[in-house]
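*Asks:* What follows is a structure written as structure tokens; I'll ask about it next.
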Ligand SMILES: Nc1ncnc2c1ncn2[C@@H]1O[C@H](COP(=O)(O)OP(=O)(O)O)[C@@H](O)[C@H]1O
Ligand SMILES: [Mg+2]
């Protein structure tokens, strides 16, 4: 049999039902968000010496721009995870459809091609719209106006002259030039990543002509995440003390920074893998002990599918971890600077805003996954409902399924972020704001309130996302589910 | 069948005409009555004035071609769907006007439901699946598990108590599902093609168990099927055609209790 034509593959990719259309729509939306963020980050990166000046100091000083770019790129982590989640939305039904295609004679690679086309084109559509939106938006925001800004002029070889001047400024780098290849690359990134992911995800699923076999992930490892998380946290907590003890050369700084970063990644990885382990462990603890049906249902789900319930909270956990670390860094910077100087305070406030945005974006993934869990189990849920199980019991079990593993994970993520950043940046910093102009050492307060707030915010937004995904729970009690074939 | 009163009539009490002749000739008040039930899915009229009566402990077979409205009739009778018009009366009380919450409680305590497949929670063990309705009513874990064990034993699957549904055969799943439907000792069991997904042999075996246990427990059964052999288990048979019901025959059962 020859390969079906592109047109045929396309038609097959688009021939699904409602949930297939939803999947295509949200994949495109996720690609839109991500690509737009890429364009914004790129526009900051492309600011040249002749561009500007801008309203915001962080854009005018070349040394601060990487921070802006990294913040924007950090935001693409949850949106990229979202795109990944989307490509699996309603996928079990699609996979069954594809299995029937196999029955009708399609080869495995034809099926892969259909899936790749679907995800790739959906993401490509979103990316194209994002590019258009960016360039239209640029014209929209391109207005110039007069504002007071600080300029820097180098005088001699050592000094910098800071001047407050009135200048014509722009709000955003709407004047930078984009080389064509960058535009092409930015539009291509998300579709390529999304296609790759959906094809990889399909490898988990064996589509035989006789149906769908999903190779279920084994029980999550218990030791590995504990070791990664524990060792990483311990190493970073003692980081500055050890570095001081070693009395290293200044030239060793990149190596020291790299080591610190590796420990940081270790903790994050431990958190991600550990999420599933925590879910399975709490499930195993609760299931044989509870009298409450909702908790029993949730606990058994956590044991049977620990990855399903924690996959979606991964980016929330990362945001909390990084966010708490940022709070410790912030405390250390603020302790060392003149309270009159609001620059760091403002910059860190902006960063906190970015973190909140990241958490909110992460919750989109969570809502998708919970909705998917409801849709996938609609027959079971409808049967439970018909047998008189109150809807509130089922809703409570879905809440418990998300929150039971999330709460301990958030506590761990927040503590690890806080303590490790404090370990790196130290609990005492030098300050030059002494009355006599002498450098003194000041204690850095342990910021408890902001990380706690961040954790509570993450959990609250997760509750909202879960609640939103319960809406189709009503629909899924559709009696249609209960009709039998005859 | 009696001429059913118009569903809009304000008198909800079952009329004396609703009395049933049971096999031994005594009249008994029906446990469950469906009167002139109409149900439409949007513009699709699935029931157009269906009538049904079930005496306590009676096994009523409901037959009819595919798409005739059998499943809809059952869902209406069990209070899962509220009829567009008409009434459902249980134990002398009109339940079709109750709120979803009240009907849900009734289904939990007085009714048991059994579908063709897919009603067990795949993550729960057989024991937990069967114990679930008791836990919902506030039973303690140990107590509920003991009761679940007992009902699994009645259906001959006591050894499956710690097995999860994906590891069971179709026949085993349906026995566990039947145990779950019966664990609250309901007065009516609603069964929609309970053996429809099983092969003939195990289907018959499961059907015999369900009928035997229901008779032992004195539970009335509304048994939906399109299989004449299965319908023969009933005391009476009602035929559904294009959304309306016809009494088919009074089964002349010769006193054997299978
Ligand atoms: N959820 C639904 N939406 C629309 N039409 C439905 C739905 N369920 C059943 N129907 C229609 O109602 C009629 C009766 O269906 P059903 O009660 O399932 O019949 P049976 O169980 O006898 O096969 C059929 O014509 C069917 O197409
Ligand atoms: Mg049916």
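*Asks:* Given the condition touching a helix residue (DSSP H, G or I) at 6+ places or on another chain (Cβ under 7 Å), under 20 Å from residue A:295 (Cβ atoms) and away from chain B (no Cβ under 12 Å), answer yes or no: does some residue in segment A:414-424 qualify?
*Replies:* Taking every residue of segment A:414-424 in turn, none turns out to be touching a helix residue (DSSP H, G or I) at 6+ places or on another chain (Cβ under 7 Å), under 20 Å from residue A:295 (Cβ atoms) and away from chain B (no Cβ under 12 Å).
*Asks:* Let me ask another. Which residue, of B:225, B:184, is within 13 Å of chain A (Cβ to nearest Cβ), within 16 Å of ligand 2 (Cβ to nearest atom), touching a residue at least 60 places away in the same chain (Cβ under 8 Å) and in contact with a helix residue (DSSP H, G or I) (Cβ under 6 Å, 6 or more places away or on another chain)?
*Replies:* Matching residue, one of B:225, B:184: B:225.
*Asks:* Then there's this: Identify, from the list A:485, A:416, A:383, A:395, the residue that is within 16 Å of ligand 2 (Cβ to nearest atom), assigned by TED's automatic domain parsing to the domain that holds residue A:367 and modelled with pLDDT of 85 or more.
*Replies:* Going through A:485, A:416, A:383, A:395 in turn, just one is within 16 Å of ligand 2 (Cβ to nearest atom), assigned by TED's automatic domain parsing to the domain that holds residue A:367 and modelled with pLDDT of 85 or more: A:383.
*Asks:* Determine which member of the set A:124, A:178, A:210, A:141 is modelled with pLDDT of 85 or more and over 20 Å from residue A:79 (Cβ atoms).
*Replies:* Only one candidate qualifies: A:178.
*Asks:* Give the residue, chosen from A:439, A:448, that is at pLDDT below 90 and under 19 Å from residue A:237 (Cβ atoms).
*Replies:* Of the residues listed, the single one that is at pLDDT below 90 and under 19 Å from residue A:237 (Cβ atoms) is A:448.
*Asks:* Looking at (1) more than 16 Å from ligand 2 (Cβ to nearest atom); (2) more than 18 Å from the chain's Cα centre (by Cα), can you tell me which one residue B:110 breaks?
*Replies:* Going through (1) more than 16 Å from ligand 2 (Cβ to nearest atom); (2) more than 18 Å from the chain's Cα centre (by Cα) one by one, residue B:110 breaks only (2).
*Asks:* Could you list all residues from segment B:74-96 that are more than 15 Å from ligand 1 (Cβ to nearest atom) and within 13 Å of chain A (Cβ to nearest Cβ)?
*Replies:* B:79, B:95
*Asks:* Among (1) within 13 Å of another protein chain (Cβ to nearest Cβ); (2) at pLDDT below 95; (3) buried (at least 22 other Cβ atoms within 10 Å of the Cβ), there is one condition residue B:139 misses while meeting the rest; what is its number?
*Replies:* (3)
*Asks:* Ok, one more. Tell me, which residue of segment B:107-136 that is without any contact (Cβ under 8 Å) to a residue 60 or more places away in the chain, part of a helix (DSSP H, G or I) and at the interface with chain A (Cβ under 7 Å from one of its Cβ atoms) is nearest to residue B:190 (Cα to Cα)?
*Replies:* Looking at residues that are without any contact (Cβ under 8 Å) to a residue 60 or more places away in the chain, part of a helix (DSSP H, G or I) and at the interface with chain A (Cβ under 7 Å from one of its Cβ atoms), I get B:107.
*Asks:* Given the options A:231, A:252, A:235, A:268, name the one that is farther than 20 Å from residue A:320 by Cα and assigned to a helix (DSSP H, G or I).
*Replies:* Criteria check complete, one pass: A:252.
*Asks:* Oh, and also: Would you pick out the residues in segment B:38-56 that are closer than 12 Å to residue B:245 by Cα, more than 16 Å from ligand 2 (Cβ to nearest atom) and crowded, with 23+ Cβ neighbours inside 10 Å?
*Replies:* Within segment B:38-56, B:53 is the sole residue that qualifies.
*Asks:* Kindly indicate whether residue B:52 is away from chain A (no Cβ under 11 Å), assigned to a strand (DSSP E or B) and within 11 Å of ligand 1 (Cβ to nearest atom).
*Replies:* It is false that residue B:52 is away from chain A (no Cβ under 11 Å), assigned to a strand (DSSP E or B) and within 11 Å of ligand 1 (Cβ to nearest atom).
A quick yes/no check of all residues on (1) within 25 Å of the chain's Cα centre (by Cα); (2) free of Cβ contacts under 8 Å to residues at least 24 places away in the same chain; (3) more than 25 Å from residue A:448 (Cβ to Cβ); (4) surrounded by fewer than 20 Cβ atoms within 10 Å (Cβ to Cβ):
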position	(1), (2), (3), (4)
A:281	yes, no, yes, yes
A:298	yes, no, yes, no
A:317	yes, no, no, no
A:330	yes, no, no, no
A:337	no, no, no, yes
A:341	no, yes, no, yes
A:357	yes, no, no, yes
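*Asks:* Take segment A:169-195 and flag every residue that is surrounded by fewer than 17 Cβ atoms within 10 Å (Cβ to Cβ) and under 12 Å from residue A:41 (Cβ atoms).
*Replies:* The one that is surrounded by fewer than 17 Cβ atoms within 10 Å (Cβ to Cβ) and under 12 Å from residue A:41 (Cβ atoms): A:182.
*Asks:* Could you look through segment B:57-74, keep only residues that are part of a strand (DSSP E or B) and within 11 Å of the chain's Cα centre (by Cα), and pick out the one that is farthest from ligand 2 (Cβ to nearest atom)?
*Replies:* It comes out as B:59.
*Asks:* Does segment B:149-196 hold any residues that are within 16 Å of ligand 1 (Cβ to nearest atom) and part of a helix (DSSP H, G or I), and which are they?
*Replies:* Result: no residue meets the conditions.
*Asks:* Quick one: in segment B:75-84, of everything that is out of contact with any strand residue (DSSP E or B) (no Cβ under 7 Å at 6 or more places or on another chain) and assigned to a loop (DSSP other than H, G, I, E, B), which residue is farthest from ligand 2 (Cβ to nearest atom)?
*Replies:* To start, the set of residues in segment B:75-84 that are out of contact with any strand residue (DSSP E or B) (no Cβ under 7 Å at 6 or more places or on another chain) comprises B:75, B:80, B:82.
Then drop every residue that is not assigned to a loop (DSSP other than H, G, I, E, B), which leaves B:80, B:82.
Numbers: B:80: 13, B:82: 19 Å.
Of everything passing the filter in segment B:75-84, B:82 is farthest from ligand 2 (Cβ to nearest atom).
*Asks:* So is residue B:45 within 13 Å of ligand 1 (Cβ to nearest atom), in contact with a helix residue (DSSP H, G or I) (Cβ under 9 Å, 6 or more places away or on another chain) and modelled with pLDDT under 95 or not?
*Replies:* Judged against the criteria, residue B:45 is not a match.
*Asks:* Let me ask something additional. Being within 12 Å of chain B (Cβ to nearest Cβ) and in contact with a helix residue (DSSP H, G or I) (Cβ under 9 Å, 6 or more places away or on another chain) narrows it down to one of A:370, A:314, A:290, so name that one.
*Replies:* Residue meeting the stated conditions: A:290.
*Asks:* Sticking with this one: When you look at residue B:71, is it closer than 29 Å to residue B:232 by Cβ, within 8 Å of chain A (Cβ to nearest Cβ), surrounded by fewer than 21 Cβ atoms within 10 Å (Cβ to Cβ) and in contact (Cβ under 8 Å) with a residue 24 or more places away in the chain, yes or no?
*Replies:* When the stated conditions are applied, residue B:71 does not pass them.
The values are calculated or read from the model by the stated rules, or taken from the named source; none is laboratory data. In this text the structure is predicted, and so the values were computed from the model without any measurement. Backbone-built Cβ (ideal geometry, glycine too); neighbour counts: all protein chains shown.
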